[in-house]
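First comes the structure, then the notes that go with it.
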There are 2 protein chains.
Amino acid sequence: MIQYVSVDNIIRLIHDRGIESLITDIANAIEDDFIRWEEFDKQPRIPAHSDRGVIELMPTSDFDTYGFKYVNGHPLNHELGKQTVTGFGVLADMESGYPFFLCEMTILTALRTAAMSALVAKHLARDDSAIMAMIGTGCQAEFQAYAFKALLGIKHLRIYDTDPAAMDKFEKNMESHGFTIERCTDTFEAVKRADIITTCTADKKQAKILTENMIGQGVHINAIGGDAPGKTELEKSILMKSDIFVEYPDQTWIEGEIQQLDKDHPMTEIWRVFDGQTEGRTSKGQITIFDSVGFAIEDFSALRVIQTLTEDNDFSEDINLLALPDNPKNLFGMI
Amino acid sequence: MIQYVSVDNIIRLIHDRGIESLITDIANAIEDDFIRWEEFDKQPRIPAHSDRGVIELMPTSDFDTYGFKYVNGHPLNHELGKQTVTGFGVLADMESGYPFFLCEMTILTALRTAAMSALVAKHLARDDSAIMAMIGTGCQAEFQAYAFKALLGIKHLRIYDTDPAAMDKFEKNMESHGFTIERCTDTFEAVKRADIITTCTADKKQAKILTENMIGQGVHINAIGGDAPGKTELEKSILMKSDIFVEYPDQTWIEGEIQQLDKDHPMTEIWRVFDGQTEGRTSKGQITIFDSVGFAIEDFSALRVIQTLTEDNDFSEDINLLALPDNPKNLFGMI
């Protein structure tokens, strides 16, 4: 039997633990796993592209536990009334090869992406950061807001989305949860006075959501939406005057903002900052960018947190996905 | 909701349809899909190796439907009372990226491997083939026997396994099912008078299960067990005097018997034989080898057969693995 966490159960778990507490658990697990970065078997995710989007498999292992996520990214799905991103994940035991955990990951991906963003910002944003601009208030936005509140105490948000309905939705979801939300008329207005800028838009193209004239000294940019070949959000000149931090360069070169740069452009692997071997922010005026594309170890960490929290309780079910005959050489005997 | 076929339900389905009928369905689907080989997005499987075995992801798509299998191969698992191979598979819609089918594939892999072996033998073995030698009577053996009976009418089996208990198990499982089974004292005896030789052993090393002196004119060799880097079953000199047929050369060079050969050694992609553009067997005396390693399209075909047979009936269940909010931009609204 495989331990299985459905959509209903992950929602129940979030209510039970509290979203900020769960995001903090996941952020801590990601930080611990990134600090042991060199123990992991790593590779860029394996994409299957179509005209409308991409389906990806994201495997990794620490040679003790193996994990992978199935995830899609279909920016035009909203035209069909469907989600841009859905997913599920699996953990398996490397010694036997047996999978032991299956979990929804549409919601969990949103939680882990937000946990990673806030974890990185904790290391890179100015200590006195108080205001975050959020450009794009789609599916990921509320999770980001809770993560930055949980890890950095950010409660003041300046939001902008080209779709007013998306801002309505965000304001409605976040009201009476201790946030101050300022709705802005454009990106330029939203980023004014912001200490942190989160960009999370979904267009599958090379966009310029942020231009150089918008970016003041000392800002930390949490660039989430540039996460596929040909899909970027930042004007190249912003990259040229900032210090760039990435998850896994082999993947970020393919999918991140740094697609726009020459391959010898300097950047820092974020695990080295978590580990303490490299400094993150070194001055008040420095502009830092987290060029986030999402990496398999983040899913691995998130799956392990949920697996532990749902083991031997009613937040998980058992499903009979694995044929295990009494005599391992007699599979046919099961029939 | 995702259509889910558990182990219990695949066993029920086999009983309902009959194993030979189901294998025939799968063989027909594989042949149809291989004939449209050039429509598929193909890549070698993605392995994660450990000291004890390998976990693999096997994706493919025809740009309309995407499929992948999770499968492990752990030859030492029997020491722990565990299965060497387990697996499950998924189908997804390329247009939306949504997965729509989840299925056990421990048993289904055994069915599709057997279906593929017999399908290839139908094209390559002599028409008057009547006797099959089976070297290795482990988990895959009964499925192979049924497939060769269903597709080629082979009912006369000469078996050998280094483990007498494995032969006991095979004889017990197959008795009173219309087979003539001769239990042999060694491989050399088993292959005598055989028209077809199936090798399916599990040692993770370069073995010589078959040596050149065992191989007479006109034989078809169905070589299943050489399916991982460093794991082969045939003496190289057998390969040198035979015509070799493979699934997907990029993968077979890594995993198949042809690991032992120079990269310019001639071989034929089996889809070209199914398609009719290349001849299979051209003479009575020719020795043919199917250097089988298993390819993602075979799983894709098998999953599609089971998905169709279990749709809208009680051979499948619905599971809530996919978070699908009413408003696709309001994932957070689900929480």
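Express in nm, to one decimal, how much length is gained between A:THR308 and A:PHE100 on full extension, taking 0.36 nm for each residue of separation and deducting their alpha carbon distance.
Full extension from A:THR308 to A:PHE100 adds 73.7 nm.
Under the rule a/c < 1.5 gives rounded, and otherwise a/b versus b/c splits prolate from oblate, where does segment B:5-119 land using the Cα gyration tensor?
Oblate.
What nm distances, shortest first, do you get from the label point of A:ASP326 to those in the other copies when the point sits 7 angstrom along Cα to Cβ?
Nearest first, the other copies' label points are 5.1 nm away.
Would you give the gap between the C-alpha center of segment A:282-315 and the C-alpha center of segment B:267-305, rounded to a whole Å?
45 Å
Short version: which residues of segment B:284-325 lose at least 20 Å² of accessible area, all chains versus chain alone, 1.4 Å probe?
Correct list: B:ILE319, B:ASN320, B:LEU321, B:LEU322, B:ALA323.
Can you give me the % of accessible surface on segment B:33-145 that is carbon or sulfur? Probe 1.4 Å, all protein chains present, nothing else counted.
Exposed carbon and sulfur together represent 49 percent of the surface.
Grab the beta carbon distance between A:LYS284 and A:LEU76, set R0 = 30 Å, and tell me the FRET efficiency rounded to 0.05.
Step by step, r from the Cβ atoms, then E = 0.10.
Within a Cβ distance under 14 Å of B:VAL7, other residues only, what is the Lys/Arg minus Asp/Glu net charge?
-4
Work out which residues of segment A:53-90 lose at minimum 40 square angstrom of accessible surface when the other protein chains are put back, relative to the chain isolated, with a 1.4 angstrom probe, and list them by number.
At a threshold of 40 Å² (probe 1.4 Å), the residues of segment A:53-90 that become less exposed are A:ILE55, A:LEU57, A:TYR66, A:PHE68, A:TYR70, A:LYS82, A:GLN83, A:THR86, A:PHE88.
Among A:PHE274, A:THR137, A:MET174, whose Cα projects farthest towards the positive end of the dipole of segment A:123-294, with charges put on the beta-carbon of Lys, Arg (+1) and Asp, Glu (-1)?
Positive-end residue among those listed: A:MET174.
Kindly provide the GluC sites (Glu not before Pro) of segment A:157-222 that DSSP labels as loop, not H, G, I, E or B, and whose Cβ sees at most 15 other Cβ atoms within 10 Å.
Sites meeting the loop and neighbour criteria: A:GLU175.
Among DSSP beta bridges whose residues both lie in chain B, state the antiparallel percentage, nearest 5.
Beta bridges within chain B, antiparallel portion: roughly 50 percent.
Tally up the carbon and sulfur contribution to the accessible surface of segment A:249-315 as a whole percent, 1.4 Å probe, everything protein left in place.
Carbon and sulfur: 42 percent of the exposed surface of segment A:249-315.
By the gyration tensor of its Cα atoms, with a ≥ b ≥ c the square roots of the eigenvalues, what is the shape of segment A:64-151: rounded for a/c under 1.5, prolate for a/b over b/c, or oblate?
oblate
Tell me, what is the percent relative contact order of segment A:123-294, built from C-alpha pairs under 8 Å that lie six or more residues apart?
Relative contact order here is 24 percent.
Label B:ASP51 and A:ILE46 with points 7 Å out from Cα along Cα→Cβ: what is the distance between them in nm?
Calculated label separation equals 2.6 nm.
So if I place +1 on the C-beta of Lys and Arg and -1 on the C-beta of Asp and Glu, and nothing else carries charge, what would the dipole magnitude of segment B:116-294 be about its Cα centre? I want it in debye, nearest 20.
Value, rounded to 20: 360 debye.
Helix B:141-152 versus the longest principal axis of chain B: what angle, 0 to 90°, nearest 10, using Cα atoms?
80 degrees
To the nearest 0.05, what FRET efficiency results for A:LYS155 and B:GLN206 with a Förster distance of 51 Å applied to their C-beta separation?
In this case the efficiency is close to 0.20.
Between segment B:100-160 and segment A:21-89, how many Å separate their Cα centres?
Cα centroid of segment B:100-160 versus Cα centroid of segment A:21-89: 37 Å apart.
Taking a label point 7 Å out from Cα toward Cβ, give me the nm distances from B:GLU38 to the same spot in the other copies, shortest first, one decimal.
Computed spacing set for this position: 5.0 nm.
Leaving out ligands and nucleic acids, note down the accessible area per residue over segment A:108-258 with a 1.4 angstrom probe, in whole Å².
Each residue of segment A:108-258 exposes 34 Å² on average to a 1.4 Å probe.
List the distances, in nm to one decimal, from the label point of A:GLY178 to the label points of the same position in every other copy, shortest first, placing each label point 7 Å from Cα along the Cα-to-Cβ direction.
7.2
Within 12 Å, Cβ to Cβ, of B:PRO47, how many net charges do the neighbouring residues add up to if Lys/Arg are +1 and Asp/Glu are -1?
In short, -3.
Starting from the Cα gyration tensor of chain A, take the square roots of the eigenvalues, sort them a ≥ b ≥ c, and report rounded, prolate or oblate (rounded when a/c is under 1.5, otherwise prolate if a/b is larger than b/c, else oblate).
Prolate, because a/c is 1.5 or more and a/b exceeds b/c.
To the nearest 10 degrees, how steep is helix B:296-310 against the longest Cα principal axis of chain B, on a 0 to 90 scale?
60 degrees
Just the number, please: buried accessible area between A and B, total of both chains, 1.4 angstrom probe, nearest 100 square angstrom.
By this definition, chains A and B bury close to 6400 Å².
For Cα pairs less than 8 Å apart in space and 6+ apart in sequence, what is the mean separation divided by the residue count of chain B, i.e. the relative contact order in percent?
21 percent
Using a cut-off of 12 Å between beta-carbons, work out the net charge of the residues near A:ALA323 (Lys and Arg +1, Asp and Glu -1, A:ALA323 not included).
Local net charge: -2.
What's the angle, to the nearest 10 degrees (0 to 90), between helix A:106-124's Cα axis and the longest principal axis of chain A?
Taking Cα atoms only, the helix is inclined about 50 degrees.
Applying a 10 Å radius around every beta-carbon, put B:161-168, B:296-303 in order of their mean neighbour count, most first.
B:296-303, B:161-168
Counting alpha carbon pairs within less than 8 Å and at least 6 residues apart, what relative contact order, in whole percent, applies to segment A:1-160?
About 21 percent, as a whole number.
The values are calculated or read from the model by the stated rules, or taken from the named source; none is laboratory data. Given the structure is predicted, the values throughout are model-derived calculations rather than measurements. Using ideal geometry, Cβ is built from the backbone for each residue, glycine included, and neighbour counts are taken over all protein chains shown. Keep in mind that these areas ignore ligands, DNA and RNA; they rest on the heavy atoms of the full protein, side chains included. Shrake-Rupley method; radii C 1.70, N 1.55, O 1.52, S 1.80 Å.
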